[in-house]
Each structure stands twice: as C-alpha cells, then as structure tokens.
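Each reported figure results from applying straightforward, stated rules to the coordinates on display, with no laboratory input. Just so we're clear, the structure is a prediction, and the values are computed from it rather than from any experiment. Ideal geometry is used to build each Cβ from the backbone, glycine not excepted, and the neighbour counts take in all protein chains shown.
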Amino acid sequence: MSILIKGGRIITAADDYAGDIYVEGERISLIGESLDLQAERVIDAAGKYVLPGCVDPHTHLDMPFGGTTTIDDVESGQTAAAFGGTTCHVDFIIQPHGSTFADAIDDWRSKANGKQVIDMGYHMAVTDLREGGTLEELASLPDQGITSYKLFMAYKGALMVDDETLFKTMEVAAETGALVMVHAENGDAIDVLVKKALAEGHTEPHWHALTRPPETEGEATNRAIQLARVAGAPLYVVHVSCKESVEPIQIAREKGWDVWGETCTQYFFVDYTFLERPNFEGAKYVYTPPPRAKENQDVLWNAVRTDTLSAISTDHCAFLWDGQKTMGRDDFSKIPNGGPGLENRLQMIHEFGARAGRISLNRMVELLATNPAKLFGLYPRKGTIAVGSDADIVVFDPEKKVTISAKTQHSKTDYNLYEGTEVTGTPEVVLLRGQILVEGDELVAEPGVGQFVRRAKFGEELRPAAIAAA
Ligand code: URP
Ligand code: ZN
Ligand code: ZN
C-alpha cells in the first residue's frame, strides 16, 4: 500500500514546515515539497498538522490491581489510544510474587495476542527478587527487548519493594543497559498515615490525598535519585505530581545526572478539590500520587516547558466508577487506584499546552512522542517523522471542536476525568506502520494489526530489523 499525505504542516520535535509525505509499505520513504507521485491513497492534509504517532510510556491494561482488574484490556485500551493519536505504548508487566519473569512475560503476552490495535512494548515491574525472579533472569530481559525495570516504592503489602530490591535492580540495570523507573512515594510512611486515618474514622475519598502528602513523594524521589547515583543506573521518575518531587529532579538534571521525570495529563487539570466532590464522585479521582493542591499545576507546566520533566504520559489505569471504585465506598483505602486518559492526552495538551501558549507545538510533540521514544528505545522507528521511520502518523485537525465525554469515548470505563471539556483540535486520520487505523469516527483496521516491539537498550537506537510479530 502506498499513501501520499499532501500539503500538511509537518511538525516534529525539531521542525515545522509545509510538505508532502510518501509512505510505501510500513515506512516513510520520501518527504518533500509538492511530491509528484502516484499513490493508492492520497490524503489531503491542507490546513492540518501532520504529527508523529504519539508514544505513551506509561499504561496499565488488563492489570490485576487493588482487588480487581483494570477495565480496559489490550483491545479497548489500544482502541482508545488510537483515536487519541497514540500509536505505540509501553505497558507494565507486573511480576506476581513468587513468579519468574518468564512466566510473567508469557502471561502478559497472552493477554495481548490477537487484540493489538497499536504497537506496544513492555516494562518489567519487579516485585520479588527473593522467591520469584533471580538477578540473572532480570539481567536477561533487555536482550528480549524489555529494556526498562519498574519499581514501586509504595503500595505496601502489594507491589512495594524494599530498598534492597530497589538497589539490586538498579545495579543490574547499570550492567545490562536498562532504564530504571520508579513510582516514588514513601510507602511505609503512607501506610502509617492510612491506618491512623482509618482508626480515626476517616473513610471518604479525599483522605487518599491527605494520607499521601507531597513530602512522601519528594522524599522517595530524592532517595531513588541518590541510590541510582550509587548504583550508576539511569533513572526515570514516573507520574511526578508536585513541587516536592520536581525539585530533586531539577537539581539532579542541573548536575548532569542521568535522571528524567514524567508527569501525566491529569496532574495539570485535576486538583485536590476534585476528591472532595460529594456522593462518592471524588472516587473517580483516586489515583496515585493523588491530585495535588492547584498551585502545583503551574510548577508542572514550567517543568515540562524547561525540560525538568521530559515526558507526559497518561498512567491509564481505568476502573469503572460504578462497580469498581465503589469497592471503597466505606473505606478510601479500598478504592482501586487509577484513572483513565489514553484517549485524551493529545487533545488536552494541545488545547491547554500549545494553544494556550504554555509550550510550543514542537515541545508538545517532543513530550508526547519523541522523548518517550528516545528514552524507551523506540527512536527513530517511532516518535518522529523521517525517511525510514515507521509510518505512524497523525493527521490532526487543529480547528475541529470536540467536547470530551465518557459518552463518546472508546475506553470501557463509565467516566472521563475531563468530562465536558471543550477542545479545539483532534486527530482526523491515524496511521500505524502505513495502514490507516482511524479515519474520523471509525476504527478502520482490525485488532491484530498492532505488534510487540523489541525495544533498544537505554541510549541505543531502534533500527528496522528489531520489530517482531507478537
Ligand atoms: O493510581 C495509579 N497510578 N494506578 C496505577 C499504578 C501506578 O501507581 O502507576
Ligand atoms: Zn505508580
Ligand atoms: Zn502507573
């Protein structure tokens, strides 16, 4: 199949120009001015932005968590992603306690088989180096294309690891070329605060935030940075939500250390007061770290603008409000932690970031596509528009007005964090490796088109032969 995308405004992290893109098979084969070529399909992109497919480095599809399982499986989650202009994501394999990493990988691959709508890679969330996976097995993962290790410093009694496991994993990463990712919160202190709040009879959703103060995030962020320095491992701090964790990342980056941070769409828009909404509405916003005091939103915009934070993910971890979040109606600590967002990241950051003048269009592309691709071993196959790159392309209509709503979304959950928000600008056509995936309101391709991507090791580039069918 050949496709000619004509007359669009091509925007990458570095460039912004008018041009045509010629796609042959799965790749971009030519970019030029007024290309005079025959193609099986011509897409008129006049007046449109032509962006690289976005890359979401942080999602949780079909994940057992909090006594239930996230409502979006690979098919529904990736369909939501595709409509939102995301053509590749990196999901978390969670190593069950006592399990080898190989078994965990098999389990996660079987959840994806035949359902993939977009391309995906995996991070390995290490939970147990005593009874389950060994350091040797952990060290073998980067050669299988799983080139990042995730550690939860919170969720005591579930996913949390102690500092020994954290540090040993960092040492392995330093040797194998993996990137270490941390969920940075002090899980021990939070556990004490949660028990105390419940003992005092505090059960409502906003106690989720009151028992996870920003200092617990700042402390853990700093601890992870210092330990990564000792181990010599590169570090990526996920879902940074507040000044207390932005500051240690900023200091580390100013010193030139191998430290990066991401924030997520929701932290720019949802603040602590959402948790106080009556009639258990607040439970919709129970995710971790929690929505913070509003003044943190400016801190985060400034951090993404100045490259203190280098990526914006969704941390899509969707649960039904009615039926899953309600498990915690009488006890905030039983509300499954997580929120949806895969479909709306580009729309929201375009509207309130680029259109509002907080960041440039180039920086938007860098935060949503190029930097995630570079940090997670997908670049230059993904994350840019260049000759030889995968033809993962979003033709984006910057004038189309959309009202975001759960009624029209593709996630299976029953609410949307941005319900009723009006945005101007939305994807019109989305291509995945040269196939039309989404056109207007229609999913054109069948589930199964997406592939598992063997990612390159940290700091290395991903070249064409590295992609393998799942
Ligand atoms: O509340 C959240 N963020 N749920 C997903 C798991 C995690 O901590 O990323
Ligand atoms: Zn987390
Ligand atoms: Zn997460």
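A Cβ-based charge dipole, computed about the Cα centre of the chain with Lys and Arg at +1 and Asp and Glu at -1, lands at about 420 debye.
Please quote Rg/Rh for region 271-346 to two decimal places, taking the Kirkwood radius as Rh and restricting both calculations to Cα atoms. Spell out each step's value before the answer.
Numbers: Rg = 13.9 Å, Rh = 13.6 Å.
Rg/Rh for region 271-346 comes to 1.02.
Once Rg and the Kirkwood radius are both taken over the C-alpha atoms of region 1-55, their ratio Rg/Rh works out to 0.94.
Here's how it looks for residue 452: its modeled amide H is under 5 Å from those of 120, 470, which are all 5 or more places away or on a different chain. Note on region 282-390: Cα-Cα pairs beyond 20 Å make up 52% of the total pair count.
Which whole number of Å³ per residue matches the convex hull of the alpha-carbon atoms in region 21-84? Intermediate values should be presented prior to the final figure.
Working: hull volume 8.4 nm³, N = 64.
Cα convex hull per residue, to the nearest whole number: 131 Å³.
Please compute the alpha carbon radius of gyration of the chain, then divide it by the globular-protein estimate 2.2 N^0.38 Å. Two decimals is fine.
Numbers: Rg = 21.0 Å, N = 470, 2.2 N^0.38 = 22.8 Å.
Normalised by 2.2 N^0.38 Å, the Cα Rg of the chain equals 0.92.
Between residue 99 and 133, the built amide H atoms are under 5 Å apart, and every one of these is 5 or more places off in sequence or on another chain.
Suppose we keep just the DSSP beta bridges with both residues in the chain; what percent of those would be antiparallel, to 5? Don't jump to the answer; show the numbers that get you there.
Details: 36 of 73 bridges.
That works out to approximately 50 percent antiparallel.
Counting trypsin sites (Lys or Arg not before Pro) as exposed when in a DSSP loop with at most 12 other beta carbons within 10 Å, what is the longest stretch of the chain free of them?
On the way: sites that count: 130, 255, 294, 407.
For trypsin sites (Lys or Arg not before Pro) (loop position, at most 12 other Cβ atoms within 10 Å), the longest site-free span of the chain is 1-129.
Computed over region 1-129, the P(r) tail beyond 26 angstrom holds 40 percent of alpha carbon pairs. Across q = 0.13 Å⁻¹, region 78-200 modelled as identical point scatterers on its alpha-carbon atoms has Debye log10 I(q)/I(0) values of -0.59, in the order of the q list. Across the options 58, 337, 418, the greatest Cα extent toward the positive end of the charge dipole of the chain (unit charges at beta carbon of Lys, Arg, Asp, Glu) belongs to 418.
Could you please tell me the mean projected area of the C-alpha convex hull for region 188-272, averaged over all directions and given in square nanometres to one decimal?
Working: hull surface 24.3 nm².
Projected area, direction-averaged: 6.1 nm².
If one puts a single equal scatterer on every Cα of region 194-335 and applies the Debye formula without solvent, what log₁₀ I(q)/I(0) results at q = 0.15, 0.16 Å⁻¹? Once normalised to I(0) and log-transformed, intensities are -0.76, -0.84.
At most 15 other Cβ atoms within 10 Å and a DSSP loop assignment: could you name the GluC sites (Glu not before Pro) in region 376-455 that fit?
Those that pass, being in a loop and sparsely packed, are 419.
Taking all Cα pairs closer than 8 Å and separated by 6 or more residues, the relative contact order of the chain comes to 21 percent. Taking amide hydrogens as modeled 1.01 Å from N in the peptide plane, which residues meet the under 5 Å criterion relative to residue 42, leaving out close sequence neighbours? HN-HN under 5 Å from residue 42: 4.
Selection among 79, 177, 190 by position relative to the dipole of region 76-194 gives 79 as farthest towards the positive end (Cβ unit charges, Cα centre). Dividing the summed -39500 (n - 2.57) terms of all DSSP H runs of n ≥ 4 by the residue count of the chain sets its mean residue ellipticity at 222 nm at -7000 deg cm²/dmol.
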